[in-house]
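Structure first, commentary second.
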Amino acid sequence: MHEVIVHRHRFRALLARVQAGAAIPAAIAHPCDEVAVAAAVEAAEEGLITPIFVGPARKIAAAAQRAGVDMARFRVVDAPHSHAAAAQAVALVKRGEAKLLMKGSLHTDEFMHAVCAEDGLRTGRRMSHVFLMDVPSYARLLMVTDAAVNIFPTLMEKRDIVQNAIDLAHVIGIAAPKVAVLSAMETVNPALPSTVDAAALCKMAERGQITGGIVDGPLAFDNAVDVAAAREKGIVSPVAGAADILVVPDLESGNMLAKQLSFLGGAEAAGIVMGAQVPIILSSRADTPRARIASCAVAALVVQACNTPAVPATVES
């Protein structure tokens, strides 16, 4: 598995950067099936995290046995059920015992309820999910947001979604990410609210309400990622054809886009939630081993970036 990640996967530069530092303590909420246990152990074996397994100890032990994992070397915090496991995992972060949070085999809604509770991990920023996608036919890592947390975000929530993605882009080494705010057309039309939001987000970037990136929109998907398509439509834009970040109108469109890139475009996808007190990994049973490792690497890199001075970095294409 390690050889595949290093030599074939576009996340290899990020993985190498993280492995150069210390493993990050990570709270794993309710890892009660073999996939959840194996995902955390794989990341530990890569030197990315030191997992703390939080959930019913007997269920975790049974899952580890099915996965062929020796749990003697890992810390297990017993919790009676999934709700308590999510709450205790959040508490570990609040106490500073864990520096990132990872979903195990509980439902995302239940997991995020503990994260978003009054005594949870909220900040002044809206939380949002960012997919980092290694698309074989695209020349750079492509970020898609938000496809997992915010269902129908408002304009101000989209502002936070854009800023979260820009902040993550800085962490992985993109100094001035190009942000395409997607819609079905390139002109502003009040009948299509996403075009109005896109125009407003561009003006917000001009006025300093969004910082650190180059924002343009509305742009259709083809114009955002293909120079020829943008040229054909006469679009003059610093973002068109070279987007680093795709901001979708809503969760449905984002989820479909990300899955199409994965299942039809052959993309590998890592993903984390930004905007909380620590990075959060929403793992899935459908994730490949490379995707799980990449998500942990990105989350660990965010933690390292928060604890060390900024240094120039580049992402390999």
Query raised in the report: Residues in segment 69-83: is at least one free of Cβ contacts under 8 Å to residues at least 12 places away in the same chain, over 20 Å from Val41 (Cβ atoms) and surrounded by fewer than 14 Cβ atoms within 10 Å (Cβ to Cβ)?
Result: no
Query raised in the report: Do we find a residue being over 21 Å from Asp287 (Cβ atoms) and β-branched (Val, Ile, Thr) anywhere in segment 73-89?
Result: yes
Query - Residue identified as under 29 Å from Ser262 (Cβ atoms), out of contact with any Asp or Glu (no Cβ under 8 Å at 6 or more places or on another chain) and of a type in the set (Ser, Thr, Tyr) among Thr108, Thr123 - result: Thr108
Query raised in the report: Restricting the search to segment 69-85, which residues are part of a helix (DSSP H, G or I), among the aliphatic types (A, V, I, L, M) and modelled with pLDDT under 95?
Result: Met71, Ala72
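Residues are listed down the side, and each one gets a yes or a no for (1) modelled with pLDDT under 95; (2) outside the structural domain of Phe152 (by TED's automatic domain parsing); (3) under 24 Å from the mean Cα position of the chain (by Cα); (4) over 30 Å from Asp287 (Cα atoms):
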position: Pro177; (1), (2), (3), (4): no, no, yes, no
position: Ser183; (1), (2), (3), (4): no, no, yes, no
position: Pro190; (1), (2), (3), (4): no, no, no, yes
position: Val196; (1), (2), (3), (4): no, no, no, yes
position: Ile210; (1), (2), (3), (4): no, no, yes, yes
position: Gly213; (1), (2), (3), (4): no, no, yes, no
position: Val225; (1), (2), (3), (4): no, no, yes, no
**Report entry** Among the residues listed as Ala39, Ala22, Ala27, Ala64, the single one being more than 25 Å from His129 (Cβ to Cβ) and either part of a strand (DSSP E or B) or touching a helix residue (DSSP H, G or I) at 6+ places or on another chain (Cβ under 8 Å) (or both)
**Finding:** Ala64
Report summary line: Flagged in segment 95-113 as among the aliphatic types (A, V, I, L, M) and either under 27 Å from Val247 (Cβ atoms) or outside the structural domain of His30 (by TED's automatic domain parsing) (or both), in numbering order, are Leu100, Leu101, Met102, Met112
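Residues checked against (1) farther than 23 Å from Ile272 by Cβ; (2) small (Gly, Ala, Ser); (3) over 18 Å from the mean Cα position of the chain (by Cα):
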| residue | (1), (2), (3) |
| --- | --- |
| Pro51 | no, no, yes |
| Arg58 | yes, no, yes |
| Ala114 | no, yes, yes |
| Ala117 | no, yes, yes |
Query raised in the report: Out of all the residues in segment 115-152, which are over 21 Å from Leu14 (Cβ atoms), out of contact with any Ser or Thr (no Cβ under 8 Å at 6 or more places or on another chain) and in contact (Cβ under 8 Å) with a residue 12 or more places away in the chain?
Result: Val115, Ala117, Asp119, Gly120, Leu121, Arg122, Thr123, Arg125, Arg126, Met127, Ile151, Phe152
Report task. Name the helices (runs of 4 or more DSSP H) wholly inside segment 192-300 in which the number of residues that are within 22 Å of Met156 (Cα to Cα) and free of Cβ contacts under 8 Å to residues at least 60 places away in the same chain is 2 or more. Result -> 193-206
Requested in this report: Inspect all residues belonging to segment 208-228 and state whether any of them is surrounded by 18 or more Cβ atoms within 10 Å (Cβ to Cβ) and of a type in the set (Ser, Thr, Tyr).
Outcome: no
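The values are calculated or read from the model by the stated rules, or taken from the named source; none is laboratory data. As the structure is a computational prediction, the values presented were derived from the model and not from experiment. Reconstructed Cβ throughout: ideal geometry from the backbone, glycine too, with neighbour counts over all protein chains shown.
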